[in-house]
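The values are calculated or read from the model by the stated rules, or taken from the named source; none is laboratory data. Here the structure is a predicted model, which is why all the values come from computation and not from measurement. A quick note on method: Cβ atoms are made from the backbone with ideal geometry, for glycine too, and the neighbour counts reach across all protein chains shown. What goes into the accessible areas is simple: the full protein's heavy atoms, side chains included, and nothing from ligands, DNA or RNA. Shrake-Rupley method; radii C 1.70, N 1.55, O 1.52, S 1.80 Å.
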Amino acid sequence: MDTPLHPIVVIGAGPSGAIAAALLRRQGHRVLILERQRFPRFSIGESLLAHCLDFVEEAGMLPAVEAAGFQLKNGAAFACDGRYTAFDFGQTSSKGRPTTFQVQRARFDKILADEAERQGVEIRYEEEIIAADFSAQPQLRVRRADGSEYLQSACFVLDASGYGRVLPRLLDLEAPSAFPLRRAVFTHVEDGIDPAGGFDRNKILITTHPAHRDIWFWTIPFSDGRCSQGVVAAEHHYEGRLGDLDACLKGFIAETPDLAKVLENAVWDTPARTIGGYSANVKTLHGAGFALLGNAAEFLDPVFSSGVTIAMRSASMAAALLGRQLAGEAVDWESEFAQPLKRGVNAFRAYVEGWYEGYFQDVIYYPDAQEDIREMICSILAGYAWDERNPFVEEPARRLRMLASVCQGQLS
Ligand code: FAD
């Protein structure tokens, strides 16, 4: 194998960038990450799925993550108008990892980036990609924090820029998302939850608004007595509420007695933030000299905490394929990267659609669910959405609708 003259350049040092860079470095390649911010920096996306730790381990970063003292997570709980149900990652048809973590992303992302650096990846912080040229040797225009600019050549570019969506913007690859515009308002609180009260800190709690099934809340407990607390709703539900974000979040919670009770002793010490219009898609996941990872490609919706797992899965798949390409093998990015990646993404998509249309919520709260079916559903909730032995991965939308009609029939 000839050593390429130029490094592999990764845009962004978030989870997809750090994992892809480390995996390629472990194959012996020269890898450079260009990251526009200085770490640690805030990011949303704090509840991890079990499958994502498989990639953290593959990249040699699991001991560092395990040593960080993050809150253990062993499943997901759902609450709606007095009903409560919990899924346990130890009971999945895929027999994957039973636990993962709930993480403050500023720390988590810094650990991953530091681990990539420790393995020999070069990271240049506060350097932003502002232009890209793939007509010949891939070349990126980079702007430093002091405003100066330079050109960086690459043997291949992996765009892991998340919501920055660098190559989709610069190369006109953006495509509309099929999901309507939704918005999240969120904060961190000193939660004051009484440990004796039965609240399970080892699970994310998803609570549905009692009057609007398309409005939901996340409660993500951390290991330091704090929680990430957010609400997600379609834009029209926010009419007249966005002037004061703290009041907006507290107002939605006050309308939801199940959740108001959980947070009755919370200390609201951090100003709420908002992010909207985050669902995004692209025309293609790859082109001559580049591939798109994680949120730089497609982002569905936060409801099943799939973002970081999809980001890391795409990183792992792209790193393996690029390694083969750089070793001189003929590879096909469409059939070996884009299509297999999308199969799992489409399984999550069916769940997200079913959630907002309400029928997946009927499945979740169905009291007499068969154990094997619950385990298949739990596999996807744990992130094993690429396990094609699971019928809910192979034909997600049809299976889910069929199951929902059985549950609805039994309940009516
Ligand atoms: P990011 O984590 O966004 O990293 C991209 C990096 O690229 C950033 O550091 C950025 O500074 C850098 N960058 C951007 N532009 C440039 C540029 N021009 N030049 C250089 N660098 C650049 N996911 C979960 O798994 N669990 C959750 O609980 C969850 N909750 C969510 C809640 C909400 C409301 C939303 C909107 C999303 C949530 N997500 C969740 C999704 C999660 O935030 C993302 O999927 C995940 O962060 C994607 O990782 P990434 O590596 O692709 O991108």
Looking only at the range 297-320, which residues are more than 8 Å from the ligand (Cβ to nearest atom) and open to solvent by 20 Å² or more (accessible area, probe 1.4 Å)?
-> E298, R313, M317, A320
Do we have E122 as out of contact with any Gly (no Cβ under 9 Å at 6 or more places or on another chain) and under 24 Å from A319 (Cβ atoms) here?
-> yes
Any hit, the range 171-186, residues being part of a helix (DSSP H, G or I), out of contact with any helix residue (DSSP H, G or I) (no Cβ under 7 Å at 6 or more places or on another chain) and more than 30 Å from V9 (Cβ to Cβ) | no
Search result, residues across the range 288-301 that are in contact with a helix residue (DSSP H, G or I) (Cβ under 8 Å, 6 or more places away or on another chain) and among the small types (G, A, S) = A291, G294, A296, A297
Hey, does the range 245-265 have a residue that's within 16 Å of the ligand (Cβ to nearest atom), assigned to a loop (DSSP other than H, G, I, E, B) and within 23 Å of C80 (Cβ to Cβ)?
-> no
Expected single match for of a type in the set (V, I, T), closer than 17 Å to Q102 by Cβ and within 7 Å of the ligand (Cβ to nearest atom) among I44, I11 is I44
Pairs where the first residue, in the range 137-157, is free of Cβ contacts under 8 Å to residues at least 12 places away in the same chain and the second is of a type in the set (D, E) and open to solvent by 30 Å² or more (accessible area, probe 1.4 Å), C-beta under 6 Å, 6+ apart | none
Failed item in (1) part of a loop (DSSP other than H, G, I, E, B); (2) in contact with a Lys or Arg (Cβ under 6 Å, 6 or more places away or on another chain); (3) β-branched (V, I, T), with T92 passing the rest = (2)
Quick one: is R41 open to solvent by 20 Å² or more (accessible area, probe 1.4 Å), more than 18 Å from the chain's Cα centre (by Cα) and not small (G, A, S)?
-> no
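Out of D114, D88, D54, D81, which single residue is open to solvent by 30 Å² or more (accessible area, probe 1.4 Å), more than 10 Å from the ligand (Cβ to nearest atom), within 15 Å of the chain's Cα centre (by Cα) and acidic (D, E)?
D54
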Quick one: in the range 145-176, of everything that is within 12 Å of the ligand (Cβ to nearest atom) and over 16 Å from A291 (Cα atoms), which residue is surrounded by the fewest Cβ atoms within 10 Å (Cβ to Cβ)?
-> A145
Of a type in the set (D, E, K, R), open to solvent by 30 Å² or more (accessible area, probe 1.4 Å), within 27 Å of G323 (Cβ to Cβ) and away from the ligand (no atom under 11 Å from the Cβ), is that true of D200?
-> no
Only one of A136, A131 that is open to solvent by 70 Å² or more (accessible area, probe 1.4 Å), small (G, A, S) and over 17 Å from L293 (Cα atoms) | A136
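G323 - would you say it is open to solvent by 20 Å² or more (accessible area, probe 1.4 Å) and not hydroxyl-bearing (S, T, Y)?
no
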